[in-house]
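So the structure is just underneath, and the comments pick up after that.
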Amino acid sequence: MKLTLMSVILLITNIAHANFSHAPKSFKTKDGQAIFSDFQKADYNISYNPQTKKASARSIITFQITESGMPLFDLVPTPTNILIDGESVVTNTIKSIDSETTYRIILKTLSPGLHTMEINSPINEGVSFSDIGVSSAFWFNDLDDRQLLESYLPSNLEFDQYKMTFHLDFQTLSNQKIYTNGITTKLENNQFVIEFPETYTSSSLYFHTAPIGRYPEKSFIFPSINGRNIPVIAYASSTSSNMETIKKSILKSLEGLEAQYGPFLHNTVTVFIAGSGGMEYCGATMTSLSALNHELTHSYFARGGFMPANGNAGWLDEAITSWSDEGATSRPDISGVISNMAGNSEYRRYTHGDAYTYGKAFMAHLNYKFQSNGGLAAFLNQLILTDAFNPMTTEEFIRKISSFYSEDLSSLFKKHTYTRGVNGPDSQRPVHMKMTIKEMQEFL
Ligand SMILES: [Zn+2]
């Protein structure tokens, strides 16, 4: 299909609108009305200073607001200064009305429309200088609050997709390697630009830099079933890692996933073998070898086929990925499967731990229930075709799966995924528990 310019503009407008419809409700604070914003574009100028051994960012963000109020975004480090439309403003941290989470708020009431924010802020986590360069990584953890991009850079919440560009300046350090799921252009030995797709959210991007030679690595090609030659880079924290074994595992996993769910959805694959458990990014992962297939499955579910629009949707991709990775079983009986994975505060920003157990069991039941219709995979394959890179809520997922199987499944979801069970909130932490950002520092 050939799109006209007007239909492209309409399409982009619709995507932006669909995104913003996932924002939580604005709320009153003692200073004024706190409102959510729609980021259009973010340019992050990131500097690593070998003299002071500090990293910092000057971020320029264009955002839109549709009502008057004090915009919310997030940035965990305290910024050194902020300009809005060229004028100095102050920010503070503020809790959501139910104290579910914390945001950063601009303490100035702005009018509806487009605004530009310029922020200087330190990057405190995930940075380690050595004699030969700097190691720095923006690794995430989606099982706790405020551990996505906002740990490092000013960012919107996970509902929002926007174009992000990194401008990296390593000053006198000229021996840096970049591992990323964006497109890297080397300007000088110490300067790089990374452009990320417009579909990315605060949980999508993968960025790690280290002195050249810091890790054993292997580059190779994955021949996709749709004819693309997809470049893969694998690297490992341990110098004794067998890169050939790692390569074989990656290829086996990708071949299995393509056979089940169709062509890989990303243009590159980046795999860092380190630590226990793992974390998923778009076409990338930091993972143990044992969690590799689970994390690459997320490139279809969470970081590709559909994306979580909020913390109440995160259970869906964990449940589907765990179910798929652990044998895509069928389960007739789910009488004990009761959890509130989907119905927490609308301000919730992280995944409920029951997804790995009760969520997986729930997906196994759907697979059993619809076995004569091709099982759960039939719906998932359709979802990948219609909703790749679309942020989605649990409620939207329920409408789509009900429509696919021509049966209203809302009461089934309500009973098993919106009801507080005997174990209480988050009692079932995953077997392969993910590392916190602090714990990941040792792999820099
Ligand atoms: Zn997972």
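Values computed for the structure shown
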| item | result |
| --- | --- |
| Accessible area, probe 1.4 Å, largest first, for residues 186, 163 | 186, 163 |
| Mean Cα-pair separation over length for the stretch 250-335, i.e. relative contact order, pairs under 8 Å, 6 or more apart, % | 21 |
| Straight-distance crosslink candidates among lysines, where the alpha carbon sits under 17 Å from residue 218 and sequence neighbours closer than 8 are dropped | 177, 247, 248, 252 |
| Estimated [θ] at 222 nm from DSSP helical runs (n ≥ 4, -39500 (n - 2.57)) normalised by residues in the chain, nearest 500 | -7000 deg cm²/dmol |
| Kirkwood Rh, Cα atoms: Rg over Rh of the chain | 0.96 |
| Quotient of C-alpha Rg and 2.2 N^0.38 Å, computed over the stretch 114-174 | 1.34 |
| The chain - percent relative contact order, Cα under 8 Å, separation 6 or more | 13 |
| Rough spin-label spacing in nm, given labels placed 7 Å along Cα→Cβ, for residue 229 and residue 90 | 5.9 |
| From phi via Karplus (6.51, -1.76, 1.60), per-residue ³J(HN,Hα) for the stretch 109-114 in Hz, x at Gly/Pro | 7, 10, 7, x, x, 8 |
| Over 24 Å between alpha carbons, listed pairs 41/438; 54/438; 28/108 | 41/438 |
| Separation of the residue 259 and residue 25 label points, Cα + 7 Å toward Cβ, nm | 5.0 |
| Translational diffusion of the stretch 79-139, µm² s⁻¹ [Kirkwood Rh, Cα pairs; Stokes-Einstein; 25 °C; 0.890 mPa s] | 169 |
| Theoretical gain in end-to-end length, residue 252 to residue 382 [0.36 nm per residue, Cα-Cα removed] | 44.5 nm |
| For the chain, built as a Gaussian network whose Cα springs stay under 10 Å, the top-fluctuating residue of 286, 341, 117 | 117 |
| Listed peptides 92-104, 359-371, 60-72 by packing density, highest first (mean Cβ within 10 Å) | 359-371, 60-72, 92-104 |
| Using a Förster distance of 35 Å, the FRET efficiency for residue 288-residue 53 (Cβ separation, nearest 0.05) | 0.70 |
| Gained length - residue 403 relative to residue 330, 0.36 nm times residue gap less alpha-carbon distance | 24.2 nm |
| Relative contact order (%) - the stretch 71-197, alpha-carbon pairs under 8 angstrom, separation at least six | 23 |
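The values are calculated or read from the model by the stated rules, or taken from the named source; none is laboratory data. None of the values given here were measured: they were computed from a predicted structure. All Cβ positions, glycine included, derive from the backbone under ideal geometry; neighbour counts span all protein chains shown. With ligands, DNA and RNA removed, areas are computed over all heavy atoms of the protein, side chains included. Shrake-Rupley method; radii C 1.70, N 1.55, O 1.52, S 1.80 Å.
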